[in-house]
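Q: After the structure tokens below, expect a handful of questions from me.
The values are calculated or read from the model by the stated rules, or taken from the named source; none is laboratory data. Remember, predicted model here, so these are calculated numbers, not experimental data. FYI the Cβ positions are ideal-geometry reconstructions off the backbone, even for glycines, and counts take in every protein chain you see.
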Amino acid sequence: MSIRPFTLATLTSALLAASGSAMATNGYFAHGYGVKSQGMAGVGYALPQDALAAATNPAGTARIGNRLDVGLTVFKPDRQSEIEGNVLGPGFSADGDFDGNDTDLFYIPEFGYSRELDERLSVGLAVYGNGGMNTDYNDNPYAAYGSSGSAGVDLAQVFVTPSLAFKLTEAHAFGIGINYAYQRFEAKGLQAFEGLSGSPANVTNNGHDDSDGWGLRLGWNGQLSDSLTAGIAWSSKINTTRFKDYEGLFAHAGSFDIPENYGIGLAWQATPQLTLAADVQEIRYGQIDSVANPLSLLTPGNPLGGNNGAGFGWDDITVYKLAASYQLNPQLTLRGGVSHAEQPVPSDQTFFNILAPGVVQDHLSLGATYAVSANGEISLAYTHAFSETVNGHDSIPQNFGGGEANLKMSEDILGVAYGWKF
């Protein structure tokens, strides 16, 4: 792994140790950053609410004042898969139902700090789980093909985003954030694919490997009228160092970069108590070969881990979010929201995505903040990602016995945070 500052290495490693592994909801990105945002289905481009604002739009750092926010999210995904219609020989197939929940709870901490330096300039720091993916099959779905032991993958990504925001006028603020990304990965139980790799010793069961990289996030937040605010933000693709222990699994000898993403949002102060907000976000999974390359590339002349190696076949997705907050009284604010994401996993790519069934699309979120003092507040958020099924269509190659792989997933997410104003 590349050399990086000791403070960043210590901070990100500690966060990963505390969280175990994160598993996110819009593909493998988190549906929202900060518990207040989570309670509104992840909106945040135009509506900064706490010191995690820079994780979505760094211009929001100019709007939230001096504060410190610390939170914890408990994540419970339900991952299921099925193989049907498979024929490996007379009376022999890989058919069966498989439960990927041998590890079922994940704990994801977050931290945010913001400070106004003067009337125009503000700085912030956000530390958070950007996303990840985990499956843990005690009953190996690939056992019939020669794999052994339990199977699954474990991907976790942590971002550290220092930000700087500048108010050009009272109505318009611009922000810049530097994304430092640290990620780790493990695969197990994939021995069946070793013979299809250019580096068979670096496909599976090599423990956790890690990588890191740097990227840029830019944003604008503008008050279009007394009641209407808009926000736009863009986050660059992050070219990370390779997972060398898995150079026989991922394309380009272990490359697993983090895709570009961007979005736009509006927030409308409908009444003094009621705020309505909406975001549209684009996540460009298709620009990352190890994520986007289809399984059909897996041919004798094009092995796993090669420059054009097969991946998970994911598509770019657009995410739509709509939410509201209502200040019931000076102490209590209530929140709610819904979101819908396009499906990243095509029906002909489900066989390899038994390992990464990030198929959920629809979320319902509820949240609240209670002011316990003039300077302190506690926030809660609950999100349910509704069960989604992707049935395979021409999904299992004939050299693996044909048939279909079907994926099913749902999630429950509970977040709690405490914020200090100073």
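Q: Enumerate the strands (runs of 3 or more DSSP E) found wholly within the stretch 92-199, keeping only those where 3 or more residues are in contact (Cβ under 8 Å) with a residue 40 or more places away in the chain and β-branched (Val, Ile, Thr).
A: Numbers: elements: 96-99, 106-116, 121-134, 152-167, 172-188.
Answer list for the stretch 92-199: 152-167.
Q: Please count how many residues of the stretch 243-278 are part of a loop (DSSP other than H, G, I, E, B) and surrounded by fewer than 18 Cβ atoms within 10 Å (Cβ to Cβ). I'd like the intermediate steps shown before the answer.
A: Taking the stretch 243-278 first, the residues part of a loop (DSSP other than H, G, I, E, B) are 243, 247-250, 255-257, 259-260, 270-273.
Filter once more, keeping what is surrounded by fewer than 18 Cβ atoms within 10 Å (Cβ to Cβ): 270-273.
Summing the residues that are part of a loop (DSSP other than H, G, I, E, B) and surrounded by fewer than 18 Cβ atoms within 10 Å (Cβ to Cβ) in the stretch 243-278 gives 4.
Every residue, every condition in (1) modelled with pLDDT under 95; (2) surrounded by 21 or more Cβ atoms within 10 Å (Cβ to Cβ); (3) at negative phi; (4) touching a Phe, Trp or Tyr at 6+ places or on another chain (Cβ under 9 Å), yes or no:
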{"site": "ASN179", "(1), (2), (3), (4)": "no, yes, yes, yes"}
{"site": "ARG184", "(1), (2), (3), (4)": "no, yes, yes, yes"}
{"site": "GLY189", "(1), (2), (3), (4)": "no, yes, no, yes"}
{"site": "VAL203", "(1), (2), (3), (4)": "no, yes, yes, yes"}
{"site": "GLY215", "(1), (2), (3), (4)": "no, no, yes, yes"}
{"site": "GLN223", "(1), (2), (3), (4)": "no, no, yes, no"}
{"site": "THR229", "(1), (2), (3), (4)": "no, yes, yes, yes"}
{"site": "ALA233", "(1), (2), (3), (4)": "no, yes, yes, yes"}
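Q: Follow-up question, since we're still on this one. THR240 - would you say it is buried (at least 20 other Cβ atoms within 10 Å of the Cβ), touching an Asp or Glu at 6+ places or on another chain (Cβ under 6 Å) and part of a loop (DSSP other than H, G, I, E, B)? Please lay out each step first, then the result.
A: On the way: buried (at least 20 other Cβ atoms within 10 Å of the Cβ): yes; touching an Asp or Glu at 6+ places or on another chain (Cβ under 6 Å): yes; part of a loop (DSSP other than H, G, I, E, B): yes.
Judged against the criteria, THR240 is a match.
Q: Okay, next question. Would you confirm, using the coordinates I've provided, whether VAL291 is over 19 Å from ALA53 (Cβ atoms), of a type outside the set (Asp, Glu) and in contact (Cβ under 8 Å) with a residue 60 or more places away in the chain?
A: Criteria not met by VAL291.
Q: Checking ALA126 against (1) under 17 Å from GLY100 (Cβ atoms); (2) surrounded by 23 or more Cβ atoms within 10 Å (Cβ to Cβ); (3) modelled with pLDDT of 95 or more, only one condition comes out false. Which one?
A: Tallying (1) under 17 Å from GLY100 (Cβ atoms); (2) surrounded by 23 or more Cβ atoms within 10 Å (Cβ to Cβ); (3) modelled with pLDDT of 95 or more, ALA126 fails exactly one: (1).
Q: Would you be able to say whether some residue in the stretch 348-360 is in a strand (DSSP E or B) and closer than 26 Å to GLY132 by Cα?
A: Checked against the condition, which is being in a strand (DSSP E or B) and closer than 26 Å to GLY132 by Cα, the stretch 348-360 yields no hits at all.
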